[in-house]
């Protein structure tokens, strides 16, 4: 199964009031493994970003002036997500903005007609009723490092959400190919390893060590009976 863990940043909270997407971040997951293939873009929203929104994500109007408009990236973005299952925290928010953006274009598109949608907020609320289930709370609960998350950012949040989702849904995350995640490798978190890391060294027992091991097993068997190791070997 191909899944796309997705997050957006916007000019405000309601697309019905004309607010627009200003950043999209996507992380590809295939068969529950992070592939290292991402999609990330900043977008000129053709309107002002509200001060309250800037305080959350830190993306300013000046920064977005020379960025492409949604119409210029829409086809590329759509091809990246088409046919995938989208994994989104509070999916109604992001999908609402995506549908609003696609509705401005020809042909118009509805996200749910081309993609499956999984809402990790709904999953978290079902698994942890009555508890905080925002992304920071889930990171703490599942031991995912979010120390670089001073401000919201679409790609960073998508990367973090991918780790949280895989842990929350009961599977161990595969090692990401992204070596630039800034993880500190602390115990209990997910440590990303560099793609060009040297292969692990396989150390095999010498003949003398194997013989000593067999001798020791013989002593145990004489005193306590057959060993599990002996039954398996």
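Only a single criterion out of (1) modelled with pLDDT under 95; (2) over 21 Å from residue 69 (Cα atoms); (3) surrounded by 13 or more Cβ atoms within 10 Å (Cβ to Cβ) is not satisfied by residue 153, namely (2). Here residue 104 fulfils each of the conditions (1) touching a residue at least 24 places away in the same chain (Cβ under 8 Å); (2) touching a strand residue (DSSP E or B) at 6+ places or on another chain (Cβ under 9 Å) apart from (2).
When residues in segment 113-135 are screened for being in a helix (DSSP H, G or I) and surrounded by fewer than 12 Cβ atoms within 10 Å (Cβ to Cβ), 2 of them pass. Residues of segment 36-94 that are closer than 26 Å to residue 169 by Cβ, touching a helix residue (DSSP H, G or I) at 6+ places or on another chain (Cβ under 6 Å) and in contact (Cβ under 8 Å) with a residue 40 or more places away in the chain: 39, 40, 87, 88, 89. Is there a residue in segment 137-148 that is at pLDDT 85 or above, under 17 Å from residue 4 (Cα atoms), buried (at least 17 other Cβ atoms within 10 Å of the Cβ) and in the same structural domain as residue 97 (by TED's automatic domain parsing)? Looking through segment 137-148, none of the residues is at pLDDT 85 or above, under 17 Å from residue 4 (Cα atoms), buried (at least 17 other Cβ atoms within 10 Å of the Cβ) and in the same structural domain as residue 97 (by TED's automatic domain parsing).
Candidates 36, 83: the one that is surrounded by fewer than 18 Cβ atoms within 10 Å (Cβ to Cβ), in a loop (DSSP other than H, G, I, E, B), within 19 Å of the chain's Cα centre (by Cα) and assigned by TED's automatic domain parsing to the domain that holds residue 162 is 83. From the list 7, 94, pick out the single residue that is assigned to a helix (DSSP H, G or I) and surrounded by 20 or more Cβ atoms within 10 Å (Cβ to Cβ). The unique qualifying residue is 94.
The values are calculated or read from the model by the stated rules, or taken from the named source; none is laboratory data. Given the structure is predicted, the values throughout are model-derived calculations rather than measurements. When we count neighbours, we look across all protein chains shown, and the Cβ atoms used for this are built from the backbone with ideal geometry, even at glycine.
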